[in-house]
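Notes for the one structure printed next.
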Amino acid sequence: MQTVDYILVGQGLAGSAMAVQLLNRGRKILVIDQPIHNSSSRVAAGLFNPITGKKMVKTWMADTLFPYLHEFYRQEEIKSGEKFFFPMPLYRPFLSVEEQNEWMARSAEPLYADYIEAVYTSSSFAHVRDPFGGLLLKQCGYLSTTPYIEAVRKRIEQEGTMLYEQLEEEHLHVERDGVIYKGIRAPRIIFCQGTRTSKWFNWVPIRPLKGETILVEANLQENIIVNRGVYIVPGLHAGEWRVGATYNFHDHDPGITTEAKTELEEKLAELIDTPYKWKSQEWGLRPTTPDRRPILGSHPEFPSVIIFNGLGTKGVSLTPYFSEVLVRWMENDISLNKLVDIDRYKSVYWTSPK
Ligand SMILES: Cc1cc2nc3c(=O)[nH]c(=O)nc-3n(C[C@H](O)[C@H](O)[C@H](O)COP(=O)(O)OP(=O)(O)OC[C@H]3O[C@@H](n4cnc5c(N)ncnc54)[C@H](O)[C@@H]3O)c2cc1C
């Protein structure tokens, strides 16, 4: 019987980061992925930004996650010879003089010093509506997600095995010390499925959060991301920009909506003062969790069945570091941070079928 060290189910951002970590350690892997064009990972604008939210505070674990992700994606670019990682400053226009003053003060705090490039007190960027100036943040940028996933896929094809199919659960035999799938044995299987569930983890509270983006053509300054209400991130081709995103917990229907298009266009008009041409619209479902933390760990009854999910709105910044955390837990017995451990949900949501 053929054997591998790991079977991975799903190759979005989660499965790709796991594959990179395992291949870098020389492990034999089989990846099963049924690519769908609107998977969360493929429609994501790929933005990473350490200062976020309405209150603009440092994101959870930013001091660990951001240095790690820069190194991770840069190394993968070198290995693959492909370009998909674009660090660049992010500009957030101020809405008032009060906000301007607040950031002048905050920029002196050591907590924010590593992330603030400059505070502008007057309009500073062409075609951006910024009469009060704005905040220029560093350690930001975007990952061009589809080229990244494709580059990792090529690596898996060369160094491991790739199966383009939906996992057929009836062909997966799970035992205490490993699994067998269609004649291939592995000590562990890792489910990196996003919002699609399998029978082993259908009790885990992954809540789909629908998001939509539009692609526009506009004459905007290259090498900068603008973000206020919506983000404007460079698209795959010069002159193209991805504008997003919406957040809708109630609509899980497949497809784009006119409501989302209207919302994004209204917010875009508030942010820039130059004409643009609408090109297309995308939608996807983000895999979120009630406490907004990822989910890592094993099935309550089958230690060889593992999950890496719950990446919510921040798959680009969370997957590099937490894929290493998961490998170190599996291979070196280094315990998981309680905030990401699946154990936190076992007592609430899991009932043994026995
Ligand atoms: C509109 C939008 C914009 C976003 N923007 C950003 C952003 O700017 N920055 C950011 O960090 N995050 C962003 N996100 C969130 C980000 O996309 C997610 O955090 C991340 O992509 C989740 O990755 P994943 O690998 O867990 O899931 P997915 O991307 O859903 O990947 C799962 C993969 O597993 C496959 N799969 C599932 N079940 C099976 C099965 N049984 N058999 C075979 N294959 C299977 C699927 O086909 C898919 O390929 C955005 C999301 C959306 C929807």
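The values are calculated or read from the model by the stated rules, or taken from the named source; none is laboratory data. These numbers come from a predicted model, not from an experiment. Positions of Cβ are generated from backbone atoms using ideal geometry, with glycine treated the same way; all protein chains shown enter the neighbour counts. Surface areas here come from the heavy atoms of the whole protein model, side chains and all, with no ligands, DNA or RNA. Shrake-Rupley method; radii C 1.70, N 1.55, O 1.52, S 1.80 Å.
Taking the numbered list (1) closer than 14 Å to VAL43 by Cα; (2) open to solvent by 10 Å² or more (accessible area, probe 1.4 Å) in turn, GLY239 passes all entries but (1).
Residues that are outside the structural domain of PRO320 (by TED's automatic domain parsing) and open to solvent by 80 Å² or more (accessible area, probe 1.4 Å) number at least 2 in the following helices (runs of 4 or more DSSP H) confined to the stretch 95-203: 97-106, 110-113. Residues in the stretch 204-216 that are open to solvent by 20 Å² or more (accessible area, probe 1.4 Å) and near the ligand (Cβ under 10 Å from one of its atoms) were compared, and the one that is nearest to VAL4 (Cα to Cα) is ILE206.
Give PHE48, PHE72, PHE84, PHE66 a once-over and let me know the one that is farther than 25 Å from ARG292 by Cα, buried (at least 16 other Cβ atoms within 10 Å of the Cβ) and under 17 Å from the mean Cα position of the chain (by Cα). Criteria check complete, one pass: PHE84. Filtering the stretch 47-87 to residues that are out of contact with any strand residue (DSSP E or B) (no Cβ under 8 Å at 6 or more places or on another chain), in a loop (DSSP other than H, G, I, E, B) and closer than 18 Å to THR313 by Cα leaves GLY53, LYS54, LYS55, TRP60, MET61. When the stretch 20-42 is limited to residues that are under 19 Å from ARG188 (Cβ atoms) and within 11 Å of the ligand (Cβ to nearest atom), the one that is most open to solvent (accessible area, probe 1.4 Å) turns out to be ASP33. Evaluate the stretch 217-229: report whether one residue or more is surrounded by 15 or more Cβ atoms within 10 Å (Cβ to Cβ), in contact (Cβ under 8 Å) with a residue 60 or more places away in the chain, within 14 Å of the ligand (Cβ to nearest atom) and among the β-branched types (Val, Ile, Thr). So far as the stretch 217-229 goes, yes, one or more of its residues are surrounded by 15 or more Cβ atoms within 10 Å (Cβ to Cβ), in contact (Cβ under 8 Å) with a residue 60 or more places away in the chain, within 14 Å of the ligand (Cβ to nearest atom) and among the β-branched types (Val, Ile, Thr).
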